[in-house]
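This report refers to the structure that appears directly beneath it.
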Amino acid sequence: MKKAIIQERSSCAGTARPPVGVEVSGLSKNFGTQRVLKDISLTVKPGEIFTIMGPSGSGKSVLLRQIAGLDQPTKGTARINGLDPADPDTRDRFAIALVFQAGALFNSISVYDNLALYLLEHRLCPKKEMRDRVMRALKILSLENAVKKFPSELSGGMKKRVAIARALVMEPQLLLYDEPTSELDPVMSATITEIIATLKTEFNVTSIVVSHDRDLALTISDRVALLMKGELRALCSPAELRKVEDPAVKDFLNPTIDLKKPRYQQLESS
Ligand SMILES: Nc1ncnc2c1ncn2[C@@H]1O[C@H](COP(=O)(O)OP(=O)(O)OP(=O)(O)O)[C@@H](O)[C@H]1O
Ligand SMILES: [Mg+2]
């Protein structure tokens, strides 16, 4: 996989564009009376792999949507190189790609068309170049043989890789991943983790990864933010995170199963 990416590097126009930085400042998000994100501030440096971890329902995907400009904060701001991500001018200026939690592929069109759609819609390049860009992204993700397939004909791991390939076609400066390794076997999870790390180094892209995956977070991240109940509980390097003494953080990273005090009896209704 790595070899294929390196071989493609020289022909990828995306390498010329500098990665972007992200700044989240005093950001809160409410849905009705539910306070989902509470006063989050963090900075993601250009070229960094920044992982947002946290229990299910802690607000990770909601935070990613604010950073992507798909939703507006109730209070505070998210900025990409100082600009509002919800502003169409910002989207024109920077290539921002989001790999959605469920892949979000269009089921009625082929893998090729799923990848080509963005380029077609934005009339970004002539047909020949479009084909080259699509095939290059498929090759990087070892998906050349799936080009004519439909999403319903793909395994879960292939769908995740197609979703990443579709993001790559945009030649992004900022790649946002929502749970890229969920529902995958350990080997495929490791493969996707390696792909994320390799895309960072080969294409110099800034990556924000939302994930429960402890292995991914602790191996490839430059820094990790841990969200709990909408609050930032830790923000540090993976090595520092392993040493955090906060019991809630330790329990999240190394949960124990205690049948005498089962967790399901302690769940709060959301
Ligand atoms: N559009 C919405 N309208 C109302 N509530 C929402 C909306 N989106 C998310 N929520 C609520 O916000 C909370 C956090 O959701 P979010 O999807 O960010 O969780 P998460 O940390 O990504 O969880 P998971 O790991 O299970 O994906 C949940 O209680 C959810 O019900
Ligand atoms: Mg989520």
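Bear in mind that the values in this text are calculations on the coordinates, not laboratory data. Given the structure is predicted, the values throughout are model-derived calculations rather than measurements. Virtual Cβ from ideal backbone geometry, glycine too; neighbours counted across all protein chains shown.
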Can you list residues whose amide H is under 5 Å from residue 52's amide H, if they're 5+ apart or on another chain and H is modeled 1.01 Å from N?
209, 210, 211, 225
Taking K and R as +1 and D and E as -1, what net charge do the other residues with C-beta under 12 Å from the C-beta of residue 210 add up to?
-1
If I build a Gaussian network model for the chain, linking alpha-carbon pairs within less than 10 angstrom, which residue out of 241, 253, 124 has the largest mean-square fluctuation?
124
Whole-Hz ³J(HN,Hα) from phi, Karplus 6.51 cos²θ - 1.76 cosθ + 1.60, for region 52-57, glycine and proline x
9, 10, x, x, 4, x
Which ordering of 135, 53, 170 is given by a fewest-first count of other beta-carbon atoms within 10 Å?
135, 170, 53
Among beta bridges assigned by DSSP with both residues in region 158-270, the antiparallel ones amount in percent, to the nearest 5, to 50 percent
Within the chain, what is the longest stretch that has no GluC sites (Glu not before Pro) placed in a DSSP loop and near at most 12 other beta-carbon atoms within 10 Å?
1-244
Quick one: 122, 212, fewest Cβ neighbours within 10 Å first, how do they rank?
122, 212
How much length would be gained if the chain were fully extended between residue 256 and residue 125, taking 0.36 nm per residue of separation minus their Cα-Cα distance, in nm to one decimal?
41.9 nm
For residue 99, distant residues with modelled amide H under 5 Å away
176, 177, 178
For residue 143, the net charge from surrounding residues (Cβ-Cβ under 10 Å; K, R +1; D, E -1) works out to +2
Which trypsin sites (Lys or Arg not before Pro) in region 93-137 pass both tests, a DSSP loop state and at most 12 other beta-carbon atoms within 10 Å?
123
Taking the chain as a Gaussian network, Cα atoms linked when under 10 Å apart, which of 88, 73, 55 shows the biggest mean-square fluctuation?
88
Using the structure shown, select from 45/127; 75/229; 159/260; 60/127; 139/229; 45/229 the pairs with a Cα to Cα distance greater than 29 angstrom.
45/127; 159/260; 60/127; 139/229
Expected max-MSF residue from 109, 208, 49 in the GNM of the chain (alpha carbon, under 10 Å) is 109
How much length is gained if the chain between residue 219 and residue 182 is pulled fully straight, taking 0.36 nm per residue apart and subtracting their Cα-Cα distance, in nm to one decimal?
11.7 nm
Of all DSSP beta bridges in the chain, what percent run antiparallel (nearest 5)?
50 percent
